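**Q** My structure is below; once you've seen it, I'll send some questions.
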Amino acid sequence: MKDNGFDVESLLNDDSFINWVLNNKDSFVWEEFVRTNPDREEIIAKASHIIRELHEAEKSGPTAADEGKVWSRITHTLEAEHTEVTPPRPSPRRSLGFKLATAAAFSMLIGLGIWRFYPSQNRITYGELITHAEKATALQEHVNSGAEPMKIELPDGSVVTLGRNSKLSYAKTFHQQKREVFMTGEAFFDVTKDSSRPFYVYANETVTRVLGTSFGITAFENGKKVTVNVKSGRVSVYRQSRIQTADPETNGMVLLPNQKVTFDRENESLVKNLVETPVPIKSIPAQSKERFDEVPLPVILAQLEESYGIKIIYDQEQVSKCIISIVLHNGSLYDNLDVISKTIGGSYKEVDAQIVIESNGCI
């Protein structure tokens, strides 16, 4: 770990330190650091206590977390007796500087924006993302203040179409292990496939991870929601936190073509749905095969699944006797489903980004 600027704030932004405190990872490195730097014991203890208190509050959920109670617990912890720090949980020993450190820590926490207990203070801004990223590498920024979309080619050949009143930042040369961009506003990404270097888009409190695909993101800084729409390929979307206590992607959602995820910034929830107008991910077969004459319904539904990449659920026994004639149009999925529903006297609905066909069957 770098010795320059070693303070509580730097530790709260150090992923290795956070993982050591919460998960006992990199223990050898930090144990050795503590052993060889006894003068840093108090700083390490303060940061460790703050991380644990915030972690406990975060586990309780935003509705159960009370700012006053949480800060009272942090204050009590900082003032409590503590002994020499032993990873990952220091034992108590009295420190005369802790009461003053409490006030300093309070100011520092507000300055960092680490409070995660009220929705209005949970938000991560584009400016914060850029500031954090530029600690590692210089970024170049594109700002679209015009009326027309702006085409931007990234260092790896990926192309971004940046909407009006939108910004995009990235390094002039991508990292050897990953490609990262930061945005606010609206953008459509056509990402060059590179299985050795995942592509990450950071937008407000969300991260979108892909290998090679095309998708759109809407994430205005003052907006209430962040939306990711997938056109092709597969992406995972997850919520990011200033203090990551576990792999955030494990709590995310995987999106396929014609699916979208919406992140509600007020209640911090991710919801997956189909896009407003699902369109074929590949062309429906030639004109002579678009027409189905006296064909079992499951065959037609299988064709729709393949064309739109959307799972269609139905009762096999009930619909197997439905023999219908239909022409599938190379347009909206819902238009085709409307025709099928009227033909069999049934209905359909969307459930978890899937289509459920409801029917009493056919005679």
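The values are calculated or read from the model by the stated rules, or taken from the named source; none is laboratory data. Computed from a predicted model, the values in this text were never measured in an experiment. Cβ placement follows ideal geometry from the backbone for every residue including glycine, while neighbour counts extend to all protein chains displayed.
**Q** Return yes when residue 185 is assigned to a strand (DSSP E or B) and on the phi > 0 side of the Ramachandran plot and no when it is not.
**A** On the way: assigned to a strand (DSSP E or B): yes; on the phi > 0 side of the Ramachandran plot: yes.
Spelling it out, residue 185 is indeed assigned to a strand (DSSP E or B) and on the phi > 0 side of the Ramachandran plot.
**Q** Name every residue in segment 319-334 that is surrounded by 13 or more Cβ atoms within 10 Å (Cβ to Cβ) and in contact with a strand residue (DSSP E or B) (Cβ under 9 Å, 6 or more places away or on another chain), in order of residue number.
**A** 319, 320, 322, 323, 324, 326, 328, 333, 334
**Q** Same structure, new question: Among (1) touching an Asp or Glu at 6+ places or on another chain (Cβ under 7 Å); (2) surrounded by fewer than 16 Cβ atoms within 10 Å (Cβ to Cβ); (3) of a type in the set (D, E, K, R), there is one condition residue 282 misses while meeting the rest; what is its number?
**A** It fails just one condition, (1).
**Q** What residue, among those in segment 111-147 that are among the aromatic types (Phe, Trp, Tyr) and at pLDDT below 90, is surrounded by the fewest Cβ atoms within 10 Å (Cβ to Cβ)? Spell out how you get there, then give the answer.
**A** If we filter segment 111-147 for residues that are among the aromatic types (Phe, Trp, Tyr), which is where we start, we get 115, 117-118, 126.
Applying the additional criterion that residues be at pLDDT below 90 yields 115, 117-118.
Values: 115: 18, 117: 21, 118: 11.
Looking at residues that are among the aromatic types (Phe, Trp, Tyr) and at pLDDT below 90, I get 118.
**Q** Out of everything in segment 304-315 that is touching a Pro at 6+ places or on another chain (Cβ under 7 Å) and in a helix (DSSP H, G or I), what residue ends up being surrounded by the most Cβ atoms within 10 Å (Cβ to Cβ)?
**A** Here the answer is 308.
**Q** Could you run through segment 317-339 and say how many residues are in contact with a helix residue (DSSP H, G or I) (Cβ under 8 Å, 6 or more places away or on another chain), part of a helix (DSSP H, G or I) and either under 12 Å from residue 295 (Cα atoms) or free of Cβ contacts under 8 Å to residues at least 12 places away in the same chain (or both)?
**A** Matching residues across segment 317-339 total 1.
**Q** Output the residues belonging to segment 14-45 that are among the hydroxyl-bearing types (Ser, Thr, Tyr) and free of Cβ contacts under 8 Å to residues at least 24 places away in the same chain. Full working, then the answer.
**A** First, the residues of segment 14-45 that are among the hydroxyl-bearing types (Ser, Thr, Tyr): 16, 27, 36.
16, 36 - these are the residues of segment 14-45 that are among the hydroxyl-bearing types (Ser, Thr, Tyr) and free of Cβ contacts under 8 Å to residues at least 24 places away in the same chain.
**Q** Here's something else I'd like to know. When you scan segment 192-200, do you find a residue that is in contact with a strand residue (DSSP E or B) (Cβ under 7 Å, 6 or more places away or on another chain), buried (at least 22 other Cβ atoms within 10 Å of the Cβ) and not hydrophobic (A, V, I, L, M, F, W, C), even just one? Quick ask: steps written out before the conclusion?
**A** Taking segment 192-200 and keeping what is in contact with a strand residue (DSSP E or B) (Cβ under 7 Å, 6 or more places away or on another chain), we get 197-200.
Subsequent filtering for residues that are buried (at least 22 other Cβ atoms within 10 Å of the Cβ) retains 199.
Now narrow it down to the ones that are not hydrophobic (A, V, I, L, M, F, W, C): none.
Scanning segment 192-200 turns up no residue that is in contact with a strand residue (DSSP E or B) (Cβ under 7 Å, 6 or more places away or on another chain), buried (at least 22 other Cβ atoms within 10 Å of the Cβ) and not hydrophobic (A, V, I, L, M, F, W, C).
For (1) buried (at least 19 other Cβ atoms within 10 Å of the Cβ); (2) among the acidic types (Asp, Glu); (3) in contact with a strand residue (DSSP E or B) (Cβ under 7 Å, 6 or more places away or on another chain), each residue gets a yes or a no:
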| residue | (1), (2), (3) |
| --- | --- |
| 11 | yes, no, no |
| 23 | no, no, no |
| 39 | no, yes, no |
| 50 | yes, no, no |
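**Q** Pick out the one residue from 301, 270, 256 that is at pLDDT 90 or above and either outside the structural domain of residue 234 (by TED's automatic domain parsing) or surrounded by 15 or more Cβ atoms within 10 Å (Cβ to Cβ) (or both).
**A** Details: 270 fails: at pLDDT 90 or above; 256 fails: at pLDDT 90 or above.
After ruling out the rest, the residue left standing is 301.
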